[in-house]
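Here the structure is laid out as structure tokens; the discussion comes afterwards.
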Ligand SMILES: Nc1ncnc2c1ncn2[C@@H]1O[C@H](COP(=O)(O)OP(=O)(O)OP(=O)(O)O)[C@@H](O)[C@H]1O
Ligand SMILES: [Mg+2]
């Protein structure tokens, strides 16, 4: 019987095993993504970080632009690169060197508290403990990765030593740092390599990678993370009584402890599910940020998330896990201030949870989503790529959110600012 040509193709396709079609699509997509990366980030197809204007540098360090200019004219401290029209630019490493230079000057004058406003590393002798912040919610697309990456970058840029951990098999956080997981990572390159139960496990210090952000390291993610969900039930079943080592909820914590001395803050980007990975992250956390997009369906699913989390954490606590958070905060994401229903939902959440909702919401901005198209963050793209109003509104919102979280971290350390 005669059939339209389109139908013949479809019928033929139906005879092909689905796995082959999907594998072919995966290959084609992966190759295209690789080509795109080569175009976007020549010549080594690796991401690098732009330099920062003296105004940005001054703001990050916490001095005035005039003072920075004075320093550079006097030839003191790290010197900027002078570009067209006498504009001065600093790399992030220069900015960090500037911070250390200013801290030393303050120390020389005996002003310790001033020195610590520049270099914010935690002081273990004062009991300032490693802050581990999980960004979580099982609602997909609630802004976890966007919030986590900007928080990690902000903390590094403001003078903290930061480790970002991609706990999501989808590896979106790693993609934002320029990784294409299926090409760039082999086995045991994710945190799974450090938390697995068998003898293949290796130290987290061997898995951590430097990024092109000074003071920001990464534990990348890829599909192998999913293994933890499969092997944990077996490990639990085989567990000999009293063998704390095999308890799943201690494993992320133990891995992070092994590198704690090198960092001030760890930011964990959780997957959109409440499995063993997320639970292990929560058990390793000193603080939690729950991202909430203010729409009714998201808020309804959040109540499910909270019930389930509290149940599961209760079980973990009974099994001997310790769960004391320095802070737990809800972060409103992709907020549209002119949208009436959204404003109502935010009001509703604030009346329910009070100060547990961060004062500043993260506004929805094309600057964030456009930057995302080239796998970049707002800190990477620079102001010249957008209309000023768009960029400034987005960065202002981002800075408000991140500095609020920074304050919470510092208060957890007992600092008064
Ligand atoms: N403030 C914002 N303004 C505009 N777009 C945003 C903003 N925050 C996030 N987005 C976009 O929304 C989408 C989902 O965000 P994101 O990936 O951060 O969510 P997620 O919770 O990590 O998702 P998943 O559950 O899949 O891990 C992304 O395309 C991102 O670029
Ligand atoms: Mg994500």
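Readers should treat all values here as calculations from the given coordinates under stated rules, not as data from a laboratory. The structure presented is a predicted model; accordingly, all values stated were derived computationally and were not measured. Every residue, glycine among them, receives a Cβ derived from its backbone with ideal geometry; neighbour counts consider all protein chains shown.
Each of 326, 25 was scored by other Cβ atoms within 10 Å of its Cβ. Arranged with the fewest first, they read 25, 326.
Ordering 112, 208 by the number of other Cβ atoms within 10 Å of each residue's own Cβ, fewest first, gives 112, 208. Give me P(r) over region 117-163, computed from all C-alpha to C-alpha distances, binned every 5 Å, as integer percentages. The percentages, shortest bin first, are 5, 19, 22, 21, 15, 10, 5, 3, 0.
When both region 262-339 and region 64-90 are represented by their alpha-carbon centers, they are found 43 Å apart.
Volume per residue for the chain equals 204 cubic angstrom (convex hull of Cα atoms). Principal semi-axes of the equivalent ellipsoid, √(5λ) from the alpha carbon gyration tensor of region 142-276, are 25, 16, 14 Å from largest down. Counting only DSSP beta bridges whose two residues both lie in the chain, roughly 20 percent are antiparallel. For the chain, the relative contact order works out to 16 percent when only alpha carbon pairs closer than 8 Å and six or more residues apart are counted. Based on C-alpha pairs under 8 angstrom that are at least 6 apart in sequence, region 20-164 has a relative contact order of 16 percent. In the chain, the calculated helix contribution to ellipticity at 222 nm averages -15000 deg cm²/dmol per residue, counting -39,500 (n - 2.57) for every DSSP H run with n ≥ 4. Neighbour counts of other Cβ atoms within 10 Å put 333, 291, 117 in the fewest-to-most order 117, 333, 291. Roughly how tilted is helix 144-157, in degrees to the nearest 10 and between 0 and 90, from the longest Cα axis of the chain? Computed tilt is about 30 degrees. Seen against the Cα atoms of the chain and their longest principal axis, helix 18-40 is set at about 20 degrees.
Shape analysis of region 51-136 yields a ratio of the Cα radius of gyration to the Kirkwood radius, Rg/Rh, of 1.06. Quick check: Cα centre of region 155-220 to Cα centre of region 375-400, how many Å? Between the Cα centres of region 155-220 and region 375-400 lies a distance of 26 Å. The mean sequence separation of alpha-carbon pairs under 8 Å and at least six residues apart, normalised by the residue count of region 52-118, gives a relative contact order of 29 percent.
Mind pulling the angle between the C-alpha long axis of helix 92-108 and the longest principal axis of the chain? Nearest 10 degrees, somewhere in 0 to 90. Roughly 40 degrees between the two axes.
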